[in-house]
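Visitor: Got a structure for you, written out below as C-alpha cells; questions coming shortly.
Laboratory data are not the source of any read-out in this text; all were calculated from the coordinates shown. Only a predicted model underlies this, so the values are computations on that prediction, with no experimental measurement involved. So basically every Cβ, Gly included, is an ideal-geometry build from the backbone, and we count neighbours across all protein chains shown.
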Amino acid sequence: MLRLKKWIGCRPFSVSAALLLAVSVLVGDIWLAAAPKQTFSENENRVLEPAPVPSVDSILSGNFMKSAENYVGDHFPLRDVFVSLNTTEQILLGKRDLAADYSTVPAEGGVYFGKNGHIYEVLLPDRTGTFQDNASALADFAEKSGVSLTILPVPSGSQEQPENLPDSAPNHDQRQEFQELEQAVGQKAAVVDLFDKLSLKTGGDYYFKTDHHWNTYGAYIGYAALSEAMGFPCVKQSSFDYKTVPQPFYGTLYSKAVNTWQKPDTLVLPFERGKSSVIQVTAGKTHQGIYWEEYLNEKDKYSVYLGGNPSVTVVKNPDAKGGKLLLLKDSFANSMIPYLSQSFSEIHLVDLRYYNQDIYEYITQNGIKQAAAIYSVKQLCDVSIANKLRR
C-alpha cells in the first residue's frame with residue numbers, strides 16, 4: 001500500500017514533467033524553424049553553422065547528423081545567455097583555462113580571467129617549429145633583400161602582466177622565442193627588446209582588457225622603441241590629441257569566453273593636430289584620413305585601423321619628412337600607424353599571411369631601402385610566413 005501511495009503521489013509530477021519537456025521541445029522546434037537566423041555571432045566572432053541539407057552521401061557518412069547537431073547548438077533560443085552561463089559555471093567549478101583546444105596542431109590555449117578586469121591569452125611553447133622557421137626566414141630576408149631590417153617582436157599581455165594572472169597559473173615565457181630570434185638573426189638585422197617596457201611596473205596598462213592587442217599607449221611605446229632602433233625622429237606623445245570612442249569595445253579574448261559581467265574596453269584614438277594629409281591606398285582605392293570610422297559601429301572595432309588586414313596598404317603623408325618604409329606586419333602594427341605616418345612619407349604595409357606575390361620584386365619596383373617587421377611573438381609561433389620571405 002505504501003508503495004502504491006508513493007507511486008500515485010509521484011504520478012502527477014511525472015506527467016507534469018513530461019508535459020513540460022514536450023512543450024519545451026515543441027517551442028524549441030518552432031523557434032528553430034521560424035525565428036530569424038544569424039549567420040555570424042559577433043560576440044563569439046565566428047561564423048555560425050548553416051542549416052544542413054540532407055543528401056545520401058551526407059546521411060551515410062554521418063556528416064548530416066553532425067551538421068544538424070552543430071546547427072541546433074548554434075541557433076537554440078537564448079543562446080547568448082546560455083553561453084554566458086556556461087562560462088560562469090566553468091569558473092565556479094574552478095576551471096582556469098577556458099576555451100582551450102589542445103587537440104589541434106598547433107595546440108590552442110584558452111584564456112585566463114585575471115585581475116583588474118583583464119582577460120589574457122594562455123601562452124604555450126611552440127612545439128611545431130613554426131617560430132624557428134619564421135626566425136630563420138627573417139634572417140634570410142635581412143641578408144638577401146638589400147634593405148636595412150629592424151624586427152620588433154611584441155610580447156603578449158599575459159607575458160608582460162604576470163601579476164594579474166590567477167595564482168600559480170601556467171604560462172610560457174616568451175623570452176625563449178626572443179632569444180631564439182636574436183640568435184637566428186645575429187648581425188643581419190636589429191631586434192628590438194620590448195620585454196618589461198610594457199609591464200605594469202612602468203606605471204601604465206598598455207594592453208586591452210578584452211582583446212589580445214596592445215592599446216593606443218602600448219603602440220606608442222613600440223613606436224618610440226622602433227624610432228630609437230632605426231634612428232628616425234620620434235614624434236612626442238604630447239603632439240597628438242587623444243579622443244575616446246563612445247562605443248564600448250569587446251575584443252577577441254572576450255569572444256572566446258563570453259560573459260555578462262565583463263566590462264568593455266575603452267578605445268582611444270590619437271589624432272595629429274591640424275588638418276590630416278594622410279591617405280591610404282588599398283587595391284587601387286584611396287581612403288582619406290587615418291581611420292575607418294565605420295568600424296566603430298561594428299563588433300570588430302579594432303578594424304578602425306586600416307579597415308582590417310588587407311594584404312597590401314600604402315599609407316602616404318606628404319607632410320612627413322621621412323622616406324619610404326616597408327612594414328612587414330600582423331595586426332599589432334595597425335595601431336602604430338597613426339604614429340608612424342607622422343614619420344614616413346610612404347609606409348608600404350604588407351601582411352604576408354595574405355600576400356602571395358614576390359616580396360623581393362615589390363621592394364625593387366617601389367625603390368624601398370629600409371624595412372621593419374612588427375609581429376606579436378604569439379603570431380610568429382602560430383602562423384608560418386617563412387615561405388613568403390625566402391627567395
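Visitor: If each residue of separation counts as 0.36 nm, what is the full-extension length gain between residue 97 and residue 261 once their alpha-carbon separation is subtracted? Let's see the in-between values first.
Guide: Values: separation 164, 0.36 × 164 = 59.04 nm, distance 1.80 nm.
Net length gain for the segment: 57.2 nm.
Visitor: Once both labels are modelled 7 Å past Cα along the beta-carbon direction, what's the residue 311-residue 190 spacing in nm?
Guide: Calculated label separation equals 3.1 nm.
Visitor: Please work out the FRET efficiency for the pair residue 283 and residue 167, using the Cβ-Cβ distance as r and a Förster radius of 56 Å; give the result to the nearest 0.05.
Guide: Numbers: r = 49 Å, r/R0 = 0.87.
Rounded to the nearest 0.05, the efficiency is 0.70.
Visitor: Among 226-234, 371-379, what's the highest-first ranking by average C-beta atoms within 10 angstrom per residue?
Guide: Details: 226-234: 15.9, 371-379: 24.6.
Top of the packing list down: 371-379, 226-234.
Visitor: Show me the three semi-axes of the equivalent ellipsoid for the stretch 226-289, from the C-alpha gyration tensor (sqrt of 5 times each eigenvalue), largest first, rounded to whole Å.
Guide: Numbers: eigenvalues 180, 67, 47 Å².
Ellipsoid half-lengths, sorted descending, are 30, 18, 15 Å.
Visitor: Each label point is 7 Å from the Cα along the Cα-to-Cβ direction; what then is the distance between the points at residue 273 and residue 292, in nm?
Guide: Label-label distance for residue 273 and residue 292, simple model: 3.0 nm.
Visitor: Can you tally the net charge around residue 112? Count Lys and Arg as +1, Asp and Glu as -1, for every other residue whose Cβ sits under 13 Å from the Cβ of residue 112. Mind showing how you got there, number by number?
Guide: Values: positive: 95, 96, 115, 209, 256; negative: 97, 121, 163, 167.
Surrounding charge for residue 112 is +1.
Visitor: Moving on. If each residue of separation counts as 0.36 nm, what is the full-extension length gain between residue 175 and residue 107 once their alpha-carbon separation is subtracted? Can you show the working numbers first?
Guide: Numbers: separation 68, 0.36 × 68 = 24.48 nm, distance 1.95 nm.
Taking residue 175 through residue 107 to full extension adds about 22.5 nm, to one decimal.
Visitor: Could you tally the net charge around residue 226, taking each other residue with its Cβ under 14 Å from the Cβ of residue 226, Lys/Arg +1 and Asp/Glu -1? Please list the in-between numbers first.
Guide: On the way: positive: 197, 329; negative: 193, 228.
For residues surrounding residue 226, the net value is 0.
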